[in-house]
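Contents: one structure, followed by commentary.
The values are calculated or read from the model by the stated rules, or taken from the named source; none is laboratory data. Quick caveat, the model's predicted, so the values are computed rather than measured. Glycine gets a Cβ as well: all are built from the backbone with ideal geometry, and neighbour counts include every protein chain shown.
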Amino acid sequence: MASHEKSTATQLPQETETPKPNIPPGMRDPAQRIIHNPITKVTAEFIKYGAETNNEYTHIRFTLHPNGTALPPRHYCRTFNETITAHDFVCAHVGPKKQPPRILEPGEELVVNAYEPHAWSNPLSNKDVSYEVVVRPARVEFEQMLYFVSGLARDGGLNAEATPKSLLTGCTLVVGAGVRPCGKRWVMLEPVIRVMGWLGKVRGKKEELEKLYWNLESEDSVGS
């Protein structure tokens, strides 16, 4: 980091407001460590945010409710690895699409490297299953994406496939989080995704989502 230069001139008081740190919701209100997506039928509990680990890792416990699936469709992460530890029987879709899914047993651990396609689902129709994920290194935009998507699901901003109805919103989320859907179509659309992600940033789409779903002042602003 650049060092602050000393000045012999008299420093006048600054009238500008000191920027507030980007503190995750659950660090301000423990109740907000838990979020729920009613479309994917997934509950996420943030055990450790990156802000609590010097951005070394993020630790999240996911609960997939019956027929639940995490972050559909199949996707890959560009800037971080994920270590999965199953608490129950979890269906892991890792690798090429033609590769059959693998059932993780309780206590089993699996490492998913950057750019490796994956998705998780609940193979049971009558029972919750859970697993923990350690994302390394941490990425605050990924944490935010989970909050944003859950909030959009509650407010009618997602379609039946659990993706944002707004293309601008969707591209802003995946570009910021360093996540991409799998498939030839999405590879061909990568230039469009990048441009739309940039456009969402300059138009303030991220700040709009932060005000709605991240910079929460009380439980009343979370919604039921």
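Overview of results
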{"quantity": "Residues of the stretch 174-189 satisfying the condition of being touching a Phe, Trp or Tyr at 6+ places or on another chain (Cβ under 8 Å), surrounded by fewer than 21 Cβ atoms within 10 Å (Cβ to Cβ) and not in a loop (DSSP other than H, G, I, E, B)", "calculated": "Val179, Arg180"}
{"quantity": "Residues located in the stretch 173-188, provided they are more than 23 Å from Gly204 (Cβ to Cβ) and not basic (Lys, Arg)", "calculated": "Pro181, Cys182, Gly183, Trp186, Val187, Met188"}
{"quantity": "Residue match in the stretch 165-173 (condition: closer than 24 Å to Ile34 by Cβ, part of a strand (DSSP E or B) and among the β-branched types (Val, Ile, Thr))", "calculated": "no"}
{"quantity": "Given (1) crowded, with 20+ Cβ neighbours inside 10 Å; (2) modelled with pLDDT under 90, index of the condition Pro73 fails", "calculated": "(1)"}
{"quantity": "Verdict on Arg33 being touching a helix residue (DSSP H, G or I) at 6+ places or on another chain (Cβ under 7 Å) and either within 26 Å of Val175 (Cβ to Cβ) or of a type in the set (A, V, I, L, M, F, W, C) (or both)", "calculated": "yes"}
{"quantity": "Filtered residues of the stretch 68-120 (kept if of a type in the set (Gly, Ala, Ser), without any contact (Cβ under 8 Å) to a residue 40 or more places away in the chain and closer than 19 Å to Val42 by Cβ)", "calculated": "Ala92"}
{"quantity": "Lone qualifier among Leu124, Leu152, Leu146 - being over 13 Å from Val179 (Cβ atoms) and under 17 Å from the mean Cα position of the chain (by Cα)", "calculated": "Leu152"}
